[in-house]
Amino acid sequence: MPDLLAGSRITALDTPPMATAASGGTVTTTSTSFVTAGADVAVAFTAPTSGRVLIQTTARMINTSATSGTLISPETRTGSSIGSGTIIEAASDANGASHYGSTFARGTASHPITGLTPGAVYNTRLLMRSSLVTETASFANREITVLPVT
């Protein structure tokens, strides 16, 4: 993917607008696998010329146990239809935000995705899980933002 160097002519495709979505409602899960809960917090976005974006994930999280985890992560797919298309990056603990404990905490994680096809459309949504099936993970004020990276 081409880098935008000093003196490069910039076009609209080089830096498409950021895409962002949020939900203030609280959702819960006891699943230890990443799942959707409630309405999707998701966006479709166009890959910039560089083929790189930065995905930011934010949520307020709490677990029913003081020692169990509440984890949230983006899943990114090809195409504009949310939750459809080929998975290019599955949700994982390494790419999302987490909180262990029974008091609310707001967490944010950012990570890059590279190797996207310039001008192609992708979709990303937030998936959630609990670290133990016997504990309930709750999520509020979920947000996802996709920023083009030059």
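The values are calculated or read from the model by the stated rules, or taken from the named source; none is laboratory data. Everything numeric in this text was worked out from a predicted model, so none of it was measured. Note that we place each Cβ from the backbone using ideal geometry, even for glycine, and neighbour counts take in every protein chain shown. Accessible surface areas use protein heavy atoms only, side chains included; no ligands, DNA or RNA. Shrake-Rupley method; radii C 1.70, N 1.55, O 1.52, S 1.80 Å.
Against the definition (within 16 Å of Ala42 (Cα to Cα) and in contact with a Phe, Trp or Tyr (Cβ under 7 Å, 6 or more places away or on another chain)), how does Thr78 come out, yes or no?
Against the criterion (within 16 Å of Ala42 (Cα to Cα) and in contact with a Phe, Trp or Tyr (Cβ under 7 Å, 6 or more places away or on another chain)), Thr78 qualifies.
Would it be correct to say that Ile62 is in contact with a strand residue (DSSP E or B) (Cβ under 7 Å, 6 or more places away or on another chain), of a type in the set (A, V, I, L, M, F, W, C) and more than 13 Å from Asn141 (Cα to Cα)?
no
Quick check on region 133-150: of everything there that is under 10 Å from Thr29 (Cα atoms) and among the aliphatic types (A, V, I, L, M), which residue is least open to solvent (accessible area, probe 1.4 Å)?
Once the filter is applied, the top-ranked residue is Ala137.
Could you check region 37-88 and list, in sequence order, the residues that are open to solvent by 50 Å² or more (accessible area, probe 1.4 Å) and in a loop (DSSP other than H, G, I, E, B)?
Gly38, Ala39, Asp40, Thr64, Ala66, Thr67, Ser80, Ser81, Ile82, Ser84, Thr86, listed by residue number.
For His99, which of the numbered conditions (1) outside any strand (DSSP E or B); (2) more than 17 Å from Thr36 (Cα to Cα) fails to hold?
It fails just one condition, (1).
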